[in-house]
């Protein structure tokens, strides 16, 4: 099943029903990955993992260490997700849908908004 995601106001067809967001923490320089599902009217965070811990990088409740990553499940819904685009962190965000990856927010500008497409 494919899903439609608005990325900065542009509709993007995903190869499945969800996507991953990857980034590196601007201070700690630690990798972080979140797993999201696209649902009617909302985005649902189903899990996350972080390759270490530090300031603002605490693993979530019930996290377990697997292959160097703190991994945990969660269930949080939002109508839209705003990704900061400061341009000063050295990298932006990477959105992957299982088939392709796209860089977002690499240069300074307005936040990149992610939201489910309306049917």
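Does segment 44-63 hold any residues that are at pLDDT 95 or above and surrounded by fewer than 15 Cβ atoms within 10 Å (Cβ to Cβ), and which are they?
The one that is at pLDDT 95 or above and surrounded by fewer than 15 Cβ atoms within 10 Å (Cβ to Cβ): 46.
Just wondering, is there one or more residues in segment 44-56 that are touching a residue at least 60 places away in the same chain (Cβ under 8 Å) and within 30 Å of residue 118 (Cβ to Cβ)? Break it down stepwise before answering.
The first filter runs over segment 44-56 and keeps only residues touching a residue at least 60 places away in the same chain (Cβ under 8 Å), leaving none.
No: zero hits.
How many residues, within segment 4-19, are under 17 Å from residue 82 (Cβ atoms) and either touching a helix residue (DSSP H, G or I) at 6+ places or on another chain (Cβ under 9 Å) or not in a loop (DSSP other than H, G, I, E, B) (or both)? So that I can check it myself, show each step before the final result.
Residues of segment 4-19 that are under 17 Å from residue 82 (Cβ atoms), as a first pass: 5-10, 12, 19.
Checking the rest, the ones that are also either touching a helix residue (DSSP H, G or I) at 6+ places or on another chain (Cβ under 9 Å) or not in a loop (DSSP other than H, G, I, E, B) (or both) come to 5-7, 10, 12, 19.
Number of matching residues: 6.
I'm trying to understand the selection: among the residues of segment 20-43, which are at pLDDT 90 or above and part of a loop (DSSP other than H, G, I, E, B)? Please lay out each step first, then the result.
So in segment 20-43, the residues at pLDDT 90 or above come out as 20-22, 33-43.
Result: 40, 41.
Scan 75, 97 and give me the residue that is loosely packed, with under 15 Cβ neighbours inside 10 Å, at pLDDT 90 or above and out of contact with any helix residue (DSSP H, G or I) (no Cβ under 8 Å at 6 or more places or on another chain). I'd like the intermediate steps shown before the answer.
Numbers: 97 fails: loosely packed, with under 15 Cβ neighbours inside 10 Å.
Residue meeting the stated conditions: 75.
Mind listing whichever residues of segment 1-41 are in contact (Cβ under 8 Å) with a residue 12 or more places away in the chain, surrounded by fewer than 15 Cβ atoms within 10 Å (Cβ to Cβ) and under 11 Å from residue 115 (Cα atoms)?
Across segment 1-41, the qualifying residues are 4, 9, 11, 39, 40, 41.
The values are calculated or read from the model by the stated rules, or taken from the named source; none is laboratory data. Computed from a prediction, not measured in an experiment: that's the story for all the values here. So basically every Cβ, Gly included, is an ideal-geometry build from the backbone, and we count neighbours across all protein chains shown.
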